[in-house]
């Protein structure tokens, strides 16, 4: 199994059909010269820590927070070390305690249930629909019966559920929404940015996401008490005055003696790299969506492939591509092997064992109870995933389509 799902060798062994891809789909775009110069200037100053006891001006994370909050239209933003850290802080700021139940998405990556476990709570998985999003009927049922007061909603791989419907269900049952927007920075539902529909939004600045600082996270909220706790938890010590966006002193008085410091604040250097990239999001989004549309056209030429229709209200930014392939698990293993032999690395969410970044709920043995999600396995067993670096050309997309068509036909005889 591991040989099927690992990255193809750099040694080319051309197959009889002559198809070979060989491009590294994990290669990001270079950091802009403006961001590099800002980071170099900061390194020359030696002021890499997120706060300064003396000196003029504001730290880079504070200025990034102001700029990103303006970008999404939120009152507050807190820059932290990762999206996982942002989700953990959000849960704690909303009062999640050890032993609590937290609703979350089945189709997601391990940092999402990991953030819930970090908070000492138990994840309650909500079914994934055939279009890779939250099953609203199952959300309604579990919001009404689980006792959970928070839904950590993952817009996994950029697929955005009907957020008005999600909000209506959660409001009806007194459930606060925390949005995991690791894959939807710059995206919107019905004209409103993801991350602003619930109580808290959490974003990623990991290399493979929409802006790149290697690792990092952003938390947005309009709630004074959540913002104050997030600033304190992230590691401000008592230097919260160095935040441009902060609640009043009275709010900090409520929390500063009660809130732990978890040392999760974003560094000056990471923030310096990110600030120039916010203005590049719109142009990057258009390029990614062109790649997505081209891949959708080419892959659906194969009758075994299906790609979910996207709602007109879903203003997505597709930094990756997902599709379903109508094959059985053994056939899927052969399909992945055939793709690998042609220099194309595709990930499979139905993999029996976790591989690299990819895992599913069956691999999370720390869950306190067996998930009640009878339909999700069928979705994940046929769900495949491609990174889409901005370097992909139309010709690359055509070639990927040909490899997927060839590999799927070669996998069909396997039983």
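Filtering segment 233-242 to residues that are touching a strand residue (DSSP E or B) at 6+ places or on another chain (Cβ under 8 Å) and either modelled with pLDDT under 95 or assigned to a loop (DSSP other than H, G, I, E, B) (or both) leaves 235, 236.
Can you say whether residue 164 is in contact (Cβ under 8 Å) with a residue 24 or more places away in the chain, in the same structural domain as residue 270 (by TED's automatic domain parsing), out of contact with any helix residue (DSSP H, G or I) (no Cβ under 6 Å at 6 or more places or on another chain) and closer than 22 Å to residue 268 by Cα, as far as the supplied structure shows? In short, no.
Residue selection: residue 205 satisfies the criterion of being closer than 19 Å to residue 276 by Cα and either surrounded by 19 or more Cβ atoms within 10 Å (Cβ to Cβ) or outside the structural domain of residue 39 (by TED's automatic domain parsing) (or both).
Hey, does segment 65-83 have a residue that's surrounded by 17 or more Cβ atoms within 10 Å (Cβ to Cβ), within 23 Å of residue 388 (Cα to Cα), outside the structural domain of residue 403 (by TED's automatic domain parsing) and at pLDDT 95 or above? Looking for residues that are surrounded by 17 or more Cβ atoms within 10 Å (Cβ to Cβ), within 23 Å of residue 388 (Cα to Cα), outside the structural domain of residue 403 (by TED's automatic domain parsing) and at pLDDT 95 or above, one finds at least one in segment 65-83, hence yes. Restricting segment 364-397 to residues that are within 19 Å of residue 322 (Cβ to Cβ) and free of Cβ contacts under 8 Å to residues at least 40 places away in the same chain, the residue that is surrounded by the fewest Cβ atoms within 10 Å (Cβ to Cβ) is 378. From the list 293, 312, the one residue that fits, being part of a helix (DSSP H, G or I) and either surrounded by fewer than 19 Cβ atoms within 10 Å (Cβ to Cβ) or in contact with a strand residue (DSSP E or B) (Cβ under 8 Å, 6 or more places away or on another chain) (or both), is 293. Going by the conditions given, is residue 99 free of Cβ contacts under 8 Å to residues at least 24 places away in the same chain, surrounded by fewer than 22 Cβ atoms within 10 Å (Cβ to Cβ) and not assigned by TED's automatic domain parsing to the domain that holds residue 314? Criteria met by residue 99. Can you confirm whether residue 344 is within 23 Å of residue 25 (Cα to Cα), surrounded by 18 or more Cβ atoms within 10 Å (Cβ to Cβ) and in contact with a strand residue (DSSP E or B) (Cβ under 8 Å, 6 or more places away or on another chain)? So residue 344 does not fit the description; no. Flag: residue 377 does not match the condition of being assigned to a loop (DSSP other than H, G, I, E, B) and outside the structural domain of residue 210 (by TED's automatic domain parsing).
Among the residues of segment 250-275, those that are outside any loop (DSSP other than H, G, I, E, B) and either surrounded by fewer than 14 Cβ atoms within 10 Å (Cβ to Cβ) or in the same structural domain as residue 399 (by TED's automatic domain parsing) (or both) comprise 250, 253.
Looking at residue 230, is it closer than 16 Å to residue 91 by Cβ and assigned to a loop (DSSP other than H, G, I, E, B)? Against the criterion (closer than 16 Å to residue 91 by Cβ and assigned to a loop (DSSP other than H, G, I, E, B)), residue 230 does not qualify. Can you say whether residue 122 is surrounded by fewer than 24 Cβ atoms within 10 Å (Cβ to Cβ) and out of contact with any strand residue (DSSP E or B) (no Cβ under 6 Å at 6 or more places or on another chain), as far as the supplied structure shows? For residue 122, the condition - surrounded by fewer than 24 Cβ atoms within 10 Å (Cβ to Cβ) and out of contact with any strand residue (DSSP E or B) (no Cβ under 6 Å at 6 or more places or on another chain) - is not met. Could you tell me whether any residue of segment 218-226 is in a loop (DSSP other than H, G, I, E, B) and under 22 Å from the mean Cα position of the chain (by Cα)? The answer is yes, given that some residue of segment 218-226 is in a loop (DSSP other than H, G, I, E, B) and under 22 Å from the mean Cα position of the chain (by Cα). Of all residues in segment 126-161, those being in contact with a helix residue (DSSP H, G or I) (Cβ under 8 Å, 6 or more places away or on another chain), farther than 27 Å from residue 305 by Cβ and either surrounded by fewer than 23 Cβ atoms within 10 Å (Cβ to Cβ) or not assigned by TED's automatic domain parsing to the domain that holds residue 83 (or both) number 1. Scoring residue 92 on the criteria (1) in contact with a strand residue (DSSP E or B) (Cβ under 9 Å, 6 or more places away or on another chain); (2) in a helix (DSSP H, G or I); (3) surrounded by fewer than 24 Cβ atoms within 10 Å (Cβ to Cβ) leaves a single failure, condition (1).
Taken as a whole, the structure leaves residue 384 outside the set of residues that are under 25 Å from the mean Cα position of the chain (by Cα) and part of a loop (DSSP other than H, G, I, E, B).
The values are calculated or read from the model by the stated rules, or taken from the named source; none is laboratory data. Nothing here was measured: the structure is a model prediction, and the numbers come from that model. Here Cβ is always computed from backbone atoms with ideal geometry, including for glycine, and neighbour counts include all displayed protein chains.
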